[in-house]
Amino acid sequence: MLQHVVAITWNDQVPDNYAEVITAVLKDMASKIPSVRDYHCGPDLGVSAPTNANYLIAATFDDVAGWRAYDEDPFHNEIRAKYFKPYIASRAASQISY
């Protein structure tokens, strides 16, 4: 199995309550990409360091090929451009196997 995790910090241009919008968009997207096995996303709960990222995505795939199919999916790339690019101050991602 492969776990893909993305941590996002929004810029000052992000609309209020944007987490609600992007969460609905991402969950819909994940349901339409066959290689996605499990998908969780949402805003940071704010219970620890104020330096935490604002938003986290955790997606599970069978293998690297499944993650690559997701990463290169046209719908996924459309969402990146439309919903993320205008509002990202920083982004960090990693993949692990388990």
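Some observations on this one:
- Prolate/oblate/rounded call for region 30-98, Cα gyration tensor, a/c under 1.5 rounded: oblate
- Counting 0.36 nm for each residue step from residue 32 to residue 89 and taking away their Cα separation leaves a gain of 17.8 nm.
- In region 7-98, the portion of solvent-accessible area held by carbon and sulfur atoms comes to 53 percent [1.4 Å probe, whole percent, DNA, RNA and ligands not counted].
- Coupling constants for region 67-81 follow from the phi torsions by the Karplus curve (6.51 cos²θ - 1.76 cosθ + 1.60, θ = phi - 60°), and in residue order they are 5, 4, 4, 5, 4, 9, 4, x, 5, 4, 5, 5, 5, 4, 5 Hz; glycine and proline get x.
- Point-to-point label distance, residue 40-residue 11, nm (Cα→Cβ direction, 7 Å offset): 3.0 nm
- Around residue 3: net Lys/Arg minus Asp/Glu count, Cβ-Cβ under 11 Å: 0
- Length released on extending from residue 65 to residue 78, taking residue separation times 0.36 nm less the Cα-Cα span: 2.7 nm
- Surface analysis of region 25-81 yields an accessible area of 58 Å² per residue, using protein heavy atoms and a 1.4 Å probe.
- Working from the Cα coordinates of region 1-59, the gyration tensor eigenvalues give, after taking √(5λ), semi-axes of 22, 15, 8 Å in decreasing order.
- Estimated from helices alone, the mean residue ellipticity of the chain at 222 nm is -8500 deg cm²/dmol (sum of -39500 (n - 2.57) over DSSP H runs with n ≥ 4, per residue).
- With a cut-off of 14 Å between beta carbons, the residues surrounding residue 28 carry a summed charge of 0, where Lys and Arg count +1 and Asp and Glu -1.
The values are calculated or read from the model by the stated rules, or taken from the named source; none is laboratory data. Keep in mind it's a predicted model, so treat the numbers as computed, not measured. Ideal geometry is used to build each Cβ from the backbone, glycine not excepted, and the neighbour counts take in all protein chains shown. The area values use the complete protein model at the heavy-atom level, side chains included, leaving out ligands, DNA and RNA. Shrake-Rupley method; radii C 1.70, N 1.55, O 1.52, S 1.80 Å.
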